[in-house]
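To start, the structure under review is shown below, and the notes come after it.
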Amino acid sequence: MSCNLLAQDLTVNGRTYAPPRRSVVVVLLDGCDPDYLAVGLAAGELPAFARIVRDGFAGEALSALPSFTNPNNCSVVTGVPPAVHGVSGNFYLDRRTGETVMVTGDKELKASTILAAMASAGVPTAVVTAKDKLRAALAKGLPIGANGIAFSAQHAAAARAQTHGIGDVCDLVGRGEPDQYSADLSLFVLDAGAQLLEAGRARLLYLSLSDYVQHRYAPEEPEARAFLRAVDARLGRMLELGAVVAATADHGMHDMAKPDGSPNVVFVGDVLDAAFGAGSCRVICPITDSFVRHHGALGGFVRVHIAPGGPGVGAVVAHLAALPGIEQALEGAEACHRYDLAPEMEGDVTVIAARGVALGARAAEHDLAGLTGERLRSHGGTAEQRVPFLVSAPLTETWRVAHPHLRNYDIFDAALNGVVA
């Protein structure tokens, strides 16, 4: 079915979406705390973002918890929180096997995606990610072929028509595969998206960037401002091509360093060993991924699994809740209820840091060599939930009234259902 003939709305995970009346591009600005945009807009150096603010809708939303990459990308493409789609971290402890698991595929994702539904209904759809670890999950169910394209900037050279819906991606973009630790990893995604849009290869696009720059540079630093200017130029190109451009983020970003520049960390495992005995608890840092230079596996959210014969949940909660730097320590079931977390990934105790504080397991378990000479900037807790929510066209009064408390995973709903005709 061609997208021009697709007239009926599609229901995905209990939410209904209209097919795109014109090209729609949803951009996930990884790690883009609202302060980054505020600096650039105040300086008058982000004309495309300024155009969106002036002519469309500009607000803020809350991300899903934990405020990490995988849970929020999955929430955005499914339109629902982790409690529904099942991905509540980049890394978790499988309670059945006792083994830790890095989320790099699609087996943890239990919900259907908006992208797969649209492509299956005949809407040419593309998913372009910075990190290849996200590609499989975000493209789950996507019919690869004429209506389904999915590839990553990280492994752009490996894209093939049979497996990714497109080959010769580097030729398409006009340059080689970018380094995974570079601003160009994200810019490559945007350039590829613009090329697909201009060539008419996709009518609905999801472009997921990297937070490499935000982990290294604060909003006012020249490198961060230069990166946002480069992003802005590419969004401007998509606007000129006539697309509705919607943008949000998976999480914000905060400085988590002491005045002397060293990481401001509470090593939860060491604290629990001292209080209850070595090996009494296992601490899982769900920020852990293969991009360790970004954050050293330190973030604002960790999970505690209590060993058999270990302390009671109440004792662990009480001990951690009393520590400086801890915003909340909750029984896992309560955390799931309060924050829509996925129960199968949750621990016995959920620990959320205060703003400006990172949480780790045990000091000996973290390799911080990649942070040498740099201040730790990271995310994960409630302090990093505030994110931008932008749509380049105005939203109807009806849609805005129906969504008084925006979540980042409302972005497809806004771009497909909320735009003024």
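Select from the stretch 176-191 the residues that are more than 10 Å from Ser152 (Cβ to Cβ), touching a residue at least 40 places away in the same chain (Cβ under 8 Å), not hydroxyl-bearing (Ser, Thr, Tyr) and not in a loop (DSSP other than H, G, I, E, B) and list them in ascending order.
Result: Leu187, Leu190, Asp191.
Mind checking which residues of the stretch 335-361 are over 15 Å from Ile287 (Cβ atoms) and either without any contact (Cβ under 8 Å) to a residue 12 or more places away in the chain or among the hydrophobic types (A, V, I, L, M, F, W, C) (or both)?
Answer for the stretch 335-361, where residues must be over 15 Å from Ile287 (Cβ atoms) and either without any contact (Cβ under 8 Å) to a residue 12 or more places away in the chain or among the hydrophobic types (A, V, I, L, M, F, W, C) (or both): Ala335, Cys336, His337, Arg338, Ala342, Val349, Ala354.
Out of Gly141, Gly167, Gly86, which single residue is over 18 Å from Phe412 (Cβ atoms) and surrounded by fewer than 17 Cβ atoms within 10 Å (Cβ to Cβ)?
Gly167
Among the residues of the stretch 223-238, is there at least one that is among the charged types (D, E, K, R), modelled with pLDDT of 95 or more, closer than 23 Å to Thr125 by Cα and open to solvent by less than 20 Å² (accessible area, probe 1.4 Å)?
yes
Could you please tell me which pairs satisfy a Cβ distance under 7 Å, a separation of 6+ or placement on different chains, a first residue in the stretch 301-312 that is within 25 Å of Val357 (Cβ to Cβ), and a second residue that is open to solvent by 30 Å² or more (accessible area, probe 1.4 Å) and assigned to a loop (DSSP other than H, G, I, E, B)?
Cβ pairs passing all conditions: Val304/Asp348; His305/Asp348; Ile306/Asp348.
Looking only at the stretch 108-134, count how many residues are in contact with a helix residue (DSSP H, G or I) (Cβ under 8 Å, 6 or more places away or on another chain), aliphatic (A, V, I, L, M) and part of a loop (DSSP other than H, G, I, E, B).
Going through the stretch 108-134 one residue at a time, the tally reaches 3.
Test Ala383 against the criterion of being open to solvent by 20 Å² or more (accessible area, probe 1.4 Å), aliphatic (A, V, I, L, M) and either in contact with a strand residue (DSSP E or B) (Cβ under 7 Å, 6 or more places away or on another chain) or farther than 30 Å from Val24 by Cβ (or both), and give yes or no.
Yes; evaluated as a whole, the condition is true for this residue.
Run Thr372 past the list (1) under 27 Å from Thr78 (Cβ atoms); (2) of a type outside the set (A, V, I, L, M, F, W, C); (3) free of Cβ contacts under 8 Å to residues at least 40 places away in the same chain and report the number of the one that doesn't hold.
Among (1) under 27 Å from Thr78 (Cβ atoms); (2) of a type outside the set (A, V, I, L, M, F, W, C); (3) free of Cβ contacts under 8 Å to residues at least 40 places away in the same chain, the lone unmet condition for Thr372 is (1).
Please pick out the residue among Gly200, Gly193 that is open to solvent by less than 20 Å² (accessible area, probe 1.4 Å) and over 21 Å from Glu45 (Cα atoms).
Of the residues listed, the single one that is open to solvent by less than 20 Å² (accessible area, probe 1.4 Å) and over 21 Å from Glu45 (Cα atoms) is Gly193.
Would you please name the residue that is nearest to Glu99 (Cα to Cα), looking only at residues in the stretch 306-335 that are part of a helix (DSSP H, G or I) and open to solvent by less than 20 Å² (accessible area, probe 1.4 Å)?
Checked the stretch 306-335; the qualifying residue nearest to Glu99 (Cα to Cα) is Gly332.
Can you name the residue in the stretch 240-294 that is in contact (Cβ under 8 Å) with a residue 12 or more places away in the chain and acidic (Asp, Glu) and, of all such residues, is farthest from Asp55 (Cα to Cα)?
Asp273
Filter the stretch 1-56 for residues that are modelled with pLDDT under 95 and buried (at least 17 other Cβ atoms within 10 Å of the Cβ); which is farthest from the chain's Cα centre (by Cα)?
Leu6
Please specify each residue of the stretch 364-400 satisfying the condition of being touching a helix residue (DSSP H, G or I) at 6+ places or on another chain (Cβ under 6 Å) and aliphatic (A, V, I, L, M).
Selection gives Val387, Leu390, Val391, Leu395.
Scan the stretch 376-412 for residues that are among the β-branched types (Val, Ile, Thr) and in a strand (DSSP E or B) and report the count.
2
Consider the stretch 257-277. How many of its residues are farther than 20 Å from Ala322 by Cα and either at pLDDT 95 or above or under 29 Å from the mean Cα position of the chain (by Cα) (or both)?
Summing the residues that are farther than 20 Å from Ala322 by Cα and either at pLDDT 95 or above or under 29 Å from the mean Cα position of the chain (by Cα) (or both) in the stretch 257-277 gives 6.
The values are calculated or read from the model by the stated rules, or taken from the named source; none is laboratory data. What you are looking at is a predicted structure, and each value in this text was computed from that prediction instead of being measured. Glycine also receives a Cβ, built like all others from the backbone with ideal geometry; neighbour counts cover every protein chain displayed. Remember, those area values only see protein heavy atoms, side chains included, never the ligands or the DNA or RNA. Shrake-Rupley method; radii C 1.70, N 1.55, O 1.52, S 1.80 Å.
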